[in-house]
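For reference, the structure discussed in these notes is given below.
Derivation of every value follows stated rules applied to the coordinates shown; laboratory data play no part. Values in this document were obtained by computation on a predicted structure and should not be read as measured data. For neighbour counting, all protein chains shown are included, and Cβ atoms are generated from backbone atoms with ideal geometry for every residue, glycine included.
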Amino acid sequence: MRHCIFLFLTLFLFISQIHAATTDTLHIYSPAMDRKIKVNVVVPKDVKPNSPTVYLLHGYSGNADTWLIIKPELKDYADQHQLIIVCPDGENSWYWDSPLNPRSQFETFISKELVEYIDSHYPTRPTKFARAIAGLSMGGHGAMWLSMRHPDVFGAAGSMSGGVDIRPFPDNWEMKKQIGEKSTYPALWEQHTAINQINRIKPGDVDMIICCGYDDFFFQVNCEFHEKLLAHGIQHEFLVNAGAHTPAYWAHVIDYEMLFFIKYFQNHKQLAFSKGKN
């Protein structure tokens with residue numbers, strides 16, 4: 001009997017250590033929106049100074065819990081690679097500063113207010129070379145949008161099934177609530193699509209990885225995004241594989257993107273060390 005109890009306790013302790021990382025659920029005040037936004041922060045056990053940070057953005061109809069549900073193994077990445085993983089609620093904002101809705105200013109919140117909060121409350125390495133951003137669907141658009149508009153903040157970016165060109169979808173996913181009807185505000189639609197931000201960056205500004213399944217309704221716009229990046233000399237990884245616009249696909253390809261970011265952080269940490277910097 002004692003032997004059985006010992007085995008049970010050993011198994012319990014082993015399982016409890018599988019996800020040793022903890023998740024802080026915060027409500028962070030946004031001066032730009034004058035309200036609090038929910039944010040989940042995955043923190044590795046025995047977190048060390050100068051930890052890199054990955055910001056993960058959810059898709060339309062998602063929330064701050066989405067990535068933790070789709071990929072519980074994010075806690076493993078946090079522990080094994082000393083990553084701080086930040087999952088903000090972006091509502092259905094498409095991660096813009098809406099010109100029509102002052103209570104939807106998520107570009108400012110994520111690229112400035114949230115980054116400053118995380119860097120001041122957690123032991124991050126506060127530099128673009130230790131900061132990445134990625135997302136699925138609407139969040140893929142958001143990650144591309146924010147990284148290209150703020151290459152001084154995010155050194156690496158990833159998109160999974162990203163809606164990287166919104167213009168073919170004028171009546172979908174509440175975008176018109178943020179930037180108006182396309183027929184009424186055509187200039188806003190041109191200005192607020194990620195594909196039209198490519199000319200804001202130059203080669204080497206942002207390391208990018210883009211994943212999309214062949215059966216995804218965003219497959220064509222991702223191919224066009226890839227071609228435009230090439231035309232502007234922006235090197236990137238473009239992975240197309242079997243899959244559709246589903247949580248199973250995102251749970252699969254986030255592994256590629258996390259490994260891409262881990263390699264990026266390692267390369268720049270080694271470069272900083274060789275130059276005698278922290």
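Filtering Asp215, Asp205 for residues that are closer than 22 Å to Gly59 by Cβ and part of a loop (DSSP other than H, G, I, E, B) leaves a single hit, Asp215.
Flag: Lys269 matches the condition of being over 21 Å from Met160 (Cβ atoms), in a helix (DSSP H, G or I), touching a Lys or Arg at 6+ places or on another chain (Cβ under 9 Å) and among the basic types (Lys, Arg). Step by step: first the residues of the stretch 124-162, then only those that are closer than 14 Å to Lys112 by Cα and either free of Cβ contacts under 8 Å to residues at least 12 places away in the same chain or among the hydroxyl-bearing types (Ser, Thr, Tyr) (or both), then the one that is surrounded by the fewest Cβ atoms within 10 Å (Cβ to Cβ). Which residue is that? Per the stated criteria, the residue is Pro126. Given the criteria outside any helix (DSSP H, G or I), buried (at least 21 other Cβ atoms within 10 Å of the Cβ) and touching a residue at least 24 places away in the same chain (Cβ under 8 Å), does Ile210 qualify? Judged against the criteria, Ile210 is a match. When residues in the stretch 97-118 are screened for being surrounded by fewer than 17 Cβ atoms within 10 Å (Cβ to Cβ) and farther than 14 Å from Arg35 by Cβ, 4 of them pass.
Among the residues of the stretch 123-153, the one identified as assigned to a loop (DSSP other than H, G, I, E, B) and either of a type in the set (Gly, Ala, Ser) or under 10 Å from the mean Cα position of the chain (by Cα) (or both) is Ser137.
Of all residues in the stretch 86-118, those being over 28 Å from Glu181 (Cα atoms), acidic (Asp, Glu) and free of Cβ contacts under 8 Å to residues at least 60 places away in the same chain number 1.
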